[in-house]
């Protein structure tokens, strides 16, 4: 069994990343079963700032709310925004990259200058500007984070298409009279799937960090909906007496982002074996 | 280097600035509500709103508004800050040095540390110490700057004080109380103490990106034939690494600098907020809270221009450093 002894590239990364993302997704899905109401306030005299215990796994916050419950429900926001934004970015990026790479000429030049402009913006600054002008809400967050993330994917898809468009199988397909759109969608784009998958997995991580960052600044999903960034910001004021308030959501955030980064790295190693490591 | 290539690069500056101006204009136009009201403090009387609308030409056709907007930006006229009560350009001129004081040393440190770690890993790719460093950098790569900042405060200020550590670091502002009465050296020391935690935060969140990039390019370069040839000629290991491996492996770093600059400026938003650092990032957040749209737009515009200048500088440096690009530019 010679094959089984050869280490598959990226295997350990995929396993570790999959385990982290899978576990957190499961906890998020089962949040209503595993934990109580994240917005239920306790007795303001007796239940505030309780240290972690069997009753409250991660203690309670300044309103006597259970931190464990808020953490699990916060995971739903993080995952929804992160995955939603990355999926949107993959869609826009693939479409723009395909059109730019296939059409070439001035269409390509114009689209690539658009990519330059969006990439030049420090992302968080652009996102803050948008959130400042519009009312923050869950759909807006997905839209803004997705709309600032597509350029990376667009560049990847474009370069993939540029490198393939003159190859024999494409020339042959066109010579057979297959409509252009079909050539692009059926014959060119499938080749771009690996790099897009890698960029999307890493993109979820970035979007999760940014969503939590916005909540940290008070510009994310409105309170009292629990969000990890907002929980860190709340806990900041009580570092002296209740260190767990700011610590727990941060660890959750690192684990989730680490999970998606590992998935991205593992996919890259698996799909592009030339890369070292 | 070829003049045409440089001209094209420099042309990217006005083109991107124009593009950013257009994007901001669109965002302002598409925002719910009246742009005149967005540019004013809430609760202003109807006459003033009409006055501003006329002054800014907001009652003109949209094409004319757009041309005026671009024209004003090109002249460096960024409008009037509601919360500060003076021109946005003068507010930003005051904030920019603070942000640069934070971002520049962080970028420099991140590059030094990241290069060192990445080179070490690339040369020893696949061994145990490479694996450990990989885990560490992967971890720091996943840490959000705002949380790391809060944790450093918890450790080096709150707990350091509680546990009686010899060093308890300041966690807000650029200098301590009684700064004016200190001697020159003590003033310098005070400033450095205030810089330590903000710079450490920003550096640590960037190191991973740099070392991971460098690890790949060093490992690739180390496997190249000319490196094996250099070893075969009996050159010392240090000489092989410094003269032959790093020379090509460092090139992607210049490109990476263009990517890291927006990350650093973005990270400064959080780091400045946590450490009450009087720079553009913190001002952006407070301006949003104060509904000061002109200041928000102005900071968005200026940070982007700074980043574009950095990008163009990185590309120029790359052309200078890599003869392969020069040849076909």
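Every number here is computed from the coordinates shown, using simple stated rules; none is lab data. It should be emphasised that the depicted structure is a prediction, and the values quoted were computed from it without experimental measurement. No Cβ is skipped: glycine too gets one built from the backbone with ideal geometry, and neighbour counts run over all protein chains shown.
Worth a mention:
- Ordering B:271, A:196 by the number of other Cβ atoms within 10 Å of each residue's own Cβ, fewest first, gives A:196, B:271.
- Sorted by Cβ density within 10 Å, fewest first, the residues A:12, B:98, B:145: A:12, B:98, B:145
- The helix-only estimate of mean residue ellipticity at 222 nm for chain B, built from DSSP H runs of length n ≥ 4 each weighted as -39500 (n - 2.57), is -24000 deg cm²/dmol after division by the residue total.
- Shielding of peptide B:280-290 by partners, expressed as the average count of other chain Cβ atoms within 10 Å per residue Cβ, is 3.
- Sites residue B:316 and residue A:110, calculated FRET efficiency, Cβ-Cβ separation with R0 22 Å, nearest 0.05: 0.35
- For segment B:37-83 and segment B:242-269, distance of Cα centres in Å: 40
- GNM flexibility winner over chain B from B:143, B:254, B:132 (Cα, springs under 10 Å): B:132
- GNM top mover of A:141, A:219, A:29 - chain A, alpha-carbon springs below 10 Å: A:29
- Highest average packing first - A:146-154, B:69-77, Cβ atoms within 10 Å: A:146-154, B:69-77
- Residues of segment B:88-120 with amide N under 14 Å of the 7 Å Cα→Cβ point at residue B:191: B:97-105
- Whole-Å semi-axes of the ellipsoid equivalent to segment B:82-186 (Cα gyration tensor, √5λ, descending): 35, 22, 15
- Rounded Å value of the spacing that divides the Cα centres of segment A:223-246 and segment B:96-154: 25
- Residue by residue along A:128-140, Cβ atoms of other protein chains within 10 Å of the local Cβ number 5 on average.
- Other protein chain Cβ atoms within 10 Å, averaged over every residue that makes up B:143-156: 6
- Extent along the principal axes, Cα only, for segment B:241-329: 54, 28, 13 Å, with the longest axis given first.
- Axis angle, to the nearest 10 degrees, between helix B:62-74 and the longest C-alpha principal axis of chain B: 50 degrees.
- Residues considered: B:258, B:43, B:122. Largest GNM mean-square fluctuation over chain B, using C-alpha springs under 10 Å, is found at B:43.
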